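The structure under discussion appears below in the form of structure tokens.
The values are calculated or read from the model by the stated rules, or taken from the named source; none is laboratory data. Everything numeric in this text was worked out from a predicted model, so none of it was measured. Quick reminder, even Gly has a Cβ in these numbers, built from the backbone with ideal geometry, and neighbours come from all protein chains shown. When the accessible area is computed, the model is the full protein with side chains, heavy atoms only, and any ligands, DNA or RNA have been set aside. Shrake-Rupley method; radii C 1.70, N 1.55, O 1.52, S 1.80 Å.
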Amino acid sequence: MSDARRVSPPIWLMALAAFTIGCGMRLLDPLMPMMARDFGVSLAAVAPLIGGFALAYGLGQLGAGPVGDALGKLRVTAVAIGLYAGTLVGAALVPDLGGLLAMRVVSGLVAAATIPLMMAHIGDAVPYDRRQAVLGQFMTGMVMAQLLAGPISGVVGEWAGWRASFLVLGLLAAAIAVVFAVLIGPAWRVGGRGRQAMGLGGFLRVFGRPAGRRLMLAAAGDGALLFGGAFPFVASYLIEGFALSAAEAGLIAAGFGLGSLAYTRCAPWLVRRFGERGMVLWGGIGLAAGLTGIALAPSWWVVALAQVAMGLLFFMLHGVLQARATEALPEARGTAVASFAMSLFLGQSLGAVIFGTLIATAGFALSFLVAAVGILALAFAISRWVIPRQA
């Protein structure tokens with residue numbers, strides 16, 4: 001039996017569920033200038049729509065991980081996807097920026113109990129030495145969101161307005177929630193095995209270990225520099241710096257997904273060839289070079305090439321951190337992976353505010369250069385203090 005076949009429900013279904021969450025995270029990338037004009041505010045004023053989702057997603061892990069361990073990871077995930085669909089439809093209907101921000105916060109809270117719990121479920125089913133390959137297959141859903149969310153959102157936004165993008169994704173998530181709820185079958189009747197981690201106890205155990213603290217700090221840095229810092233603003237940079245449309249900018253930014261898709265296909269080979277330390281180092285060096293190229297790009301096609309390369313390089317670094325998170329607390333993996341996600345998205349929320357302000361005051365180029373220096377330093381720190389020597 002292949003490693004992927006050890007996992008039930010099927011990987012393709014979990015990847016599809018992850019796709020809807022990934023689209024919700026990246027939905028706004030090509031829409032922010034359009035939304036700023038619609039609400040009559042600056043780009044920095046709509047940046048909290050990214051940070052608000054990320055902050056709520058991070059804080060939501062405080063409940064998602066322990067509840068998933070106690071009540072059953074897949075059972076909690078199924079309910080969360082349905083609620084997430086409702087918040088997307090709600091976001092399409094709110095009349096003002098304040099209401100939209102509130103809906104994004106609620107959306108982030110319910111989305112928190114999805115991807116981390118599915119990753120923890122994979123960790124329960126697949127041995128560590130083969131886990132990155134299966135996690136790579138699962139992350140195909142997030143990668144396809146990187147590839148498709150920007151272009152589809154940009155096209156739908158230009159054709160029918162930014163609200164239509166939320167509505168379309170909400171209806172898709174609702175359909176997936178129904179299929180997921182039906183196909184998990186016996187998981188509705190099976191409780192969790194981590195009742196001892198209920199409440200804050202599991203989180204305290206993760207953060208109480210030096211290795212756990214270092215891993216969570218690395219996740220926060222990853223979120224601040226990339227998820228919240230550089231990546232969400234590439235489409236806006238293309239629109240404002242190279243006079244591209246929202247659809248064109250979204251299509252170019254989605255080149256990141258092509259590189260990420262390549263990672264999901266060759267993750268086993270990369271692990272064998274470079275080892276975890278080598279993947280982190282080369283991923284960080286490559287990301288720094290790509291961000292520098294974007295900052296100094298004379299034309300949009302340079303950004304397009306850099307985006308493709310950075311998709312692969314990012315997951316070389318991030319994939320190692322994800323796999324490490326599934327082993328941070330094996331007796332309560334839902335809580336461990338939730339701790340990782342909380343750190344990542346709290347970092348993202350902070351990064352969105354910092355880089356949104358930096359872009360407004362100093363411009364895109366300096367902001368991307370700051371992210372380049374930061375991720376290079378982070379990669380070296382991870383290789384030295386987070387990855388065990390034998391890895």
**Study point:** Theoretical ellipticity at 222 nm over the chain - DSSP helices of four or more residues, -39500 (n - 2.57) apiece, nearest 500
**Key:** -26500 deg cm²/dmol
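Would you work out the charge dipole size for the chain about its Cα centre, treating the Cβ of every Lys and Arg as +1 and the Cβ of every Asp and Glu as -1, and quote it to the nearest 20 debye? Display every interim value, and only then the final one.
Details: 25 positive and 14 negative charges, 272 e Å.
Charge dipole, the chain, about its Cα centre: 1300 debye, nearest 20.
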Review point. How large is log10 I(q)/I(0) at q = 0.20, 0.29, 0.30, 0.33 Å⁻¹ when the Debye formula is applied to the Cα atoms of region 346-385, each weighted equally and without solvent?
Key: -0.65, -0.94, -0.96, -1.02
Exercise for review: Using per-residue counts of other Cβ atoms within 10 Å, averaged over each peptide, order 341-347, 35-41 from highest down.
Suggested key: 341-347, 35-41
Exercise for review: Mind checking the full-extension length gain between residue 331 and residue 299? Use 0.36 nm per residue of separation minus the Cα-Cα distance, one decimal, nm.
Suggested key: 6.5 nm
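Take every Cα pair under 8 Å in the chain that's 6+ residues apart, average their separations, divide by the length, and report that relative contact order as a whole percent. Before the final figure, lay out the partial values.
Numbers: 737 pairs, mean separation 109.4, N = 391.
Taking the mean separation of contacting Cα pairs over the length of the chain, I get 28 percent.
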Check your understanding: Under 5 Å between amide H atoms, partner at least 5 residues away or on a different chain: which partners does residue 244 have, H built in plane at 1.01 Å?
Key -> 239
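First compute the accessible area of the chain with a 1.4 Å probe, then give the percent of it belonging to carbon and sulfur atoms.
On the way: 10080 of 14330 Å².
The value for the chain is 70 percent carbon and sulfur by accessible area.
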Review point. Ordered by residue, what ³J(HN,Hα) values in Hz, to whole numbers, does region 68-74 give under the Karplus form 6.51 cos²θ - 1.76 cosθ + 1.60, where θ = phi - 60° and Gly and Pro are x?
Key: x, 5, 7, 9, x, 4, 6
Check your understanding: So for region 14-135, what percent of the C-alpha to C-alpha distances run longer than 27 Å?
Key -> 24 percent
Exercise for review: May I ask for the Kirkwood hydrodynamic radius of the chain, worked out over all distinct Cα pairs and given in angstroms to one decimal?
Suggested key: 20.5 Å
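Assuming R0 = 56 Å, what is the FRET efficiency of residue 183 and residue 42, from their Cβ-Cβ distance, to the nearest 0.05?
E(calc), rounded to 0.05, equals 0.80.
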Revision key, fill the gap. Full extension between residue 159 and residue 380 adds, at 0.36 nm per residue less the Cα distance, a length in nm of 75.1 nm
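Beyond 24 Å, what percent of the Cα pairs of region 90-186 remain?
Numbers: 1685 of 4656 pairs.
Looking at region 90-186, the distances longer than 24 Å represent 36 percent of pairs.
For a test of the definition: using alpha carbon positions, the gyration tensor, and the 1.5 limit on a/c, classify region 255-320 as rounded, prolate or oblate.
Working: a/c = 3.44, a/b = 1.77, b/c = 1.94.
It comes out oblate by the Cα gyration axes.
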Review point. In bins 5 Å wide, starting from 0, what share of all Cα pairs of region 74-115 does each bin hold, as a percent?
Key: 5, 28, 30, 18, 11, 6, 2
Exercise for review: Starting from one equal scatterer on each C-alpha and no solvent at all, send me the Debye-based log10 I(q)/I(0) for region 201-297 at q = 0.12, 0.14, 0.15 Å⁻¹, two decimals.
Suggested key: -0.57, -0.73, -0.81
Study note, to complete from the structure: Regression test value, accessible area per residue of the chain, probe 1.4 Å, units Å², expected 37 Å²
Exercise for review: Quote the FRET efficiency, to the nearest 0.05, computed for residue 273 versus residue 211 with a Förster distance R0 of 30 Å and r equal to the Cβ-Cβ distance.
Suggested key: 0.75
Check your understanding: If you project the alpha carbons of region 206-365 onto the principal axes, what extent comes out on each, in Å, largest first?
Key -> 52, 35, 24
Study note, to complete from the structure: So, for the Cα atoms of region 285-377, Rg and Dmax in Å stand at 15.7, 51
